Each structure stands twice: as structure tokens, then as C-alpha cells.
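Quick notes on the structure that follows.
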Amino acid sequence: MRARALFRYNRFRVNISARHTRADATDRSDLRDLTLAELEAAVVAAGERPYRAGQIASWIWRRGANSFDAMSDLPAALRQTLGSRFTLASPEVASVRRSSDGTRKLLLRLSDGEEIETVIIPGENRVTLCLSSQAGCAMGCEFCATARMGLHRNLTTAEIAGQIFAARRELDDSEEITNYVFMGMGEPLANYPRLIRTLAAMTEPWAMGISPRRITVSTVGHVPMMERLVAEIPVNIAVSLHATTDALRDRLAPINRRYPLQELIAACRRLPLKNRSRVTFEYVMLAGVNDSVDDARRLVKLLHPMRAKVNLIFFNPFPGAVLERSPREAVEIFQGILRRGNLTATIRESRGLDIAAACGQLYAEHHAAVAQPRVSESSSEIAR
Ligand code: SAH
């Protein structure tokens, strides 16, 4: 009984529509929701020695096992008991789109029918994986396709991590994921309890052992949680800034009404960053909205004298978006002003434009296609 009570933390009531009801959408925890201590407690509750937890962790976190049966060095009785108390689910790949630039966008279906996006982005000597933290998002940013969905629900730890294993199966033989960014669907810091468990499993030696320096959590600016996160695990932080006045940021990223610019920037200055790392500020360049010379000058003043990096992002348009991307020339002039103001400023080239790579866009297209079955899907899409 005690073990059962222990695992109650990660339960949430999902609003399961009749169409999505599945027998396995139970309220049992997934094995990948557990910390090492909880895994040990589960093993002991099943009448086994605690060291078995290490074996199980190796199966689920290193080898990406998808079933209890796969854990061949565990006694059958233990596998059976665990199987009756826990799930070990893996998100199902609903579709994969491969861009001409090598970017692959996966649409993953969860056990209750929710769908999320995960993107594999190969670069020079690196492969970055872009992870989702929520199904949908409640933050309401004006330029974001996911915002149009609203928040469906938080992802569990197992579902956030499950994206890594699903993506690994799509890699070419020569590829290995080197960097992880929480820049997919959702606001990671609005799902803090599950995020922190996932990050612990990703970074701690008993699970995946990935260096926190290879992980970036991007936030729209949830001030209290940013401070807590950096104190708990030294991952990199990226802050989606997009504006240099409260009036504009209130509109583009409504969380600004709760944590206005000065408060956000003051919090960034206070962050106890390790290894001389810097905060990255993301800035989506929107034509005639936030891309003027004055905006660039205000940005220099706003960030001075912080060790910061600004990442200028081309707006990724999506159907129904009223905003437009800034011309390259405007982005380069903006970058020049930031550099003369002693800021590191890079331009993020759009990746996977031909495969609806804007966050939330593949989901939106997929659902439009479901509503209107005659819409032809991209020829590069591999349906599963
Ligand atoms: N909620 C978090 C993480 C998800 S969004 C955050 O706000 O940071 C990840 C990044 O993608 C953010 O910088 C966001 O501003 C950017 N983004 C969202 N929609 C975009 C679009 N249509 N074009 C370009 N960048 C976009």
C-alpha cells in the first residue's frame, strides 16, 4: 500500500474524449515516471532486492526498452509484478516528415490520443532534438501556432522522455543526438514537476547521464520557476524575449503582464549560472512589429551589461498567421546594432520550412487534414 501511495504524485486526470478512450489509458504510473528511489521502493515492494532497480533503469533509460518482457536479466516474477503495477508506454509515431535540409519532424501519438511534435535537427557536428513539454500551450503568444490549440494537458515525465527514444529510432546510423532543447510544444516551466524529473533522469548517472550543458530549457519568462530550475539542475536557459517595451511584449507574449520586462531581466541577471554560461534571449523577427533600429538600440540598453547572447529567429509563418517575417536585410542591420552594443548576436536560420516546422504547425495541419480528408498530404510524409 505504501508503494502505491508513493506513486500518486504523477497522476492527473486527463479529459479523455470517447474517441480517444483506450484500455491502457489507466492511472498507473509509467516506469519512466519514477526516480531511482521510487524505482527501488517498487522493486522492494515486489519482494526483490533494491539493486534490481539499477538493472531496470539501465533497460528503460539506456537501452530504451519498450516492454517488461525485454528485460531478460530480471526474474519473470518481478517482470510480471511490475507489469501489473506500472505501464511502460512509448509514444507511437503517427507521422514523420523529412525536410530537404535533413530536419525530421515527428508527430507522436500518446496513449490517450493526444498528439505532440518532436523535431530532429542535424547540424555541423551535432544533432539537436527539439522536445515538447505539454500538449498544446496556455501562454497565448501571438506568433505561435501551438498557442492556437490552447493547453490540452501537461506531458508526464515518461512522455517527455519518450520523445527521445522515439527520435533515436528515426536517426540514421551515423547520427547521435548531441543536444536537447525544450523548444517544442508547450511552456516547460508551466509543467515544472514533470520537467524536473525528466531533467534529473536525463542528467543523472543512474539513468541517461547526459551533461546538463547539452540541454537548453526555453521559457517564455516564468520568473520564479526559472530561478528554481537553474538552482536545481545547471541546464542552459533560453528566454523568449521578442520585444523591448512592455506594451509590445504584453501583446506578443501575454505572460509579460504577470512578469514584466524589468522583472524578467532582473531575474536573468540574478541567475546563478555555472561554467561561465550565458542566458540566451530568443527574439522572433516580425516585420514592422519589433525589427526596427530603435528596437535594436533598446535591446542593447535593456540587456547591458549582462553576459547574454541574442538569437534572432526568422518568423516561421503558418496558415492563418497575420504577422510576417522580417526581411533578411532588416535582421542583419538589427544584428549589427546588437554586436556594436557588445552583445553576442546570432541569426537562427529557419530549418525544415518545407515540412511545416513552426512549432505546432504539423499538429495543426494534421488536424485540418482530419477535418477535411481530401486535403492532400505532403508527399514526403510517411504515414504510420
Ligand atoms: N514556451 C517556450 C518554449 C517553446 S517555443 C518558449 O516560449 O520559449 C520555442 C521557441 O520558438 C520560442 O523562442 C518561440 O518564441 C519560438 N517560436 C514559436 N513560434 C514561432 C514561429 N512561428 N516562428 C519562429 N519562432 C517561433
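The values are calculated or read from the model by the stated rules, or taken from the named source; none is laboratory data. Just so you know, these numbers come straight off a predicted model, no measurement behind them. When we count neighbours, we look across all protein chains shown, and the Cβ atoms used for this are built from the backbone with ideal geometry, even at glycine. Ligands, DNA and RNA are stripped out before the accessible areas are found, and what is left, the full protein with its side chains, is counted by its heavy atoms. Shrake-Rupley method; radii C 1.70, N 1.55, O 1.52, S 1.80 Å.
Just a few scattered comments:
- Computed label-point distance, nm, for sites Asp69 and Glu204 using a 7 Å Cα→Cβ extension: 3.1
- Net +/- balance of residues flanking Thr35 in space, Cβ distance below 10 Å, scoring K and R +1, D and E -1: -3
- Peptides 235-242, 209-216 ranked from most to least packed give 235-242, 209-216, packing being the mean of other C-beta atoms within 10 angstrom over each peptide's residues.
- Segment 207-284 and segment 101-161: distance between their alpha carbon centers, rounded to Å: 19
- Loop chymotrypsin sites (Phe, Trp or Tyr not before Pro), segment 28-93 (other Cβ atoms within 10 Å of the site Cβ: 14 or fewer; DSSP): Tyr51
- Accessible surface computed residue by residue for segment 34-87, with neighbouring protein chains in place and a 1.4 Å probe, gives 46 Å² per residue.
- Summing +1 for each Lys or Arg and -1 for each Asp or Glu among the other residues whose beta-carbon sits under 10 angstrom from that of Val289 gives -3.
- Contact order relative to length of segment 57-210, as percent, for alpha carbon pairs under 8 angstrom and 6 or more apart: 22
- The trypsin sites (Lys or Arg not before Pro) found in segment 42-91 that occupy coil by DSSP, while having at most 12 further C-beta atoms within 10 Å, are Arg63.
- Beta bridge orientation in segment 101-249: antiparallel %, DSSP, nearest 5: 60
- Placing pseudo-labels 7 Å out from each Cα toward the beta carbon at Lys301 and Thr245 gives an inter-label distance of 1.1 nm.
- 5 angstrom amide H check on Ala94, placed H, neighbours 5+ away: Leu107, Leu108, Arg109
- 23 Å Cα-Cα reach of Lys274 towards lysines, excluding residues that sit fewer than 8 places from it in its own chain: Lys309
- Alpha-carbon radius of gyration plus Dmax, which is the widest Cα pair, for segment 34-87 in Å: 9.8, 25
- For Leu131, neighbours were defined as the other residues whose beta-carbon sits under 11 Å from its Cβ, and their charges (Lys and Arg +1, Asp and Glu -1) total -2.
- Amide H partners (placed H, <5 Å) of Arg348, local residues excluded: Leu312, Ile313, Phe314
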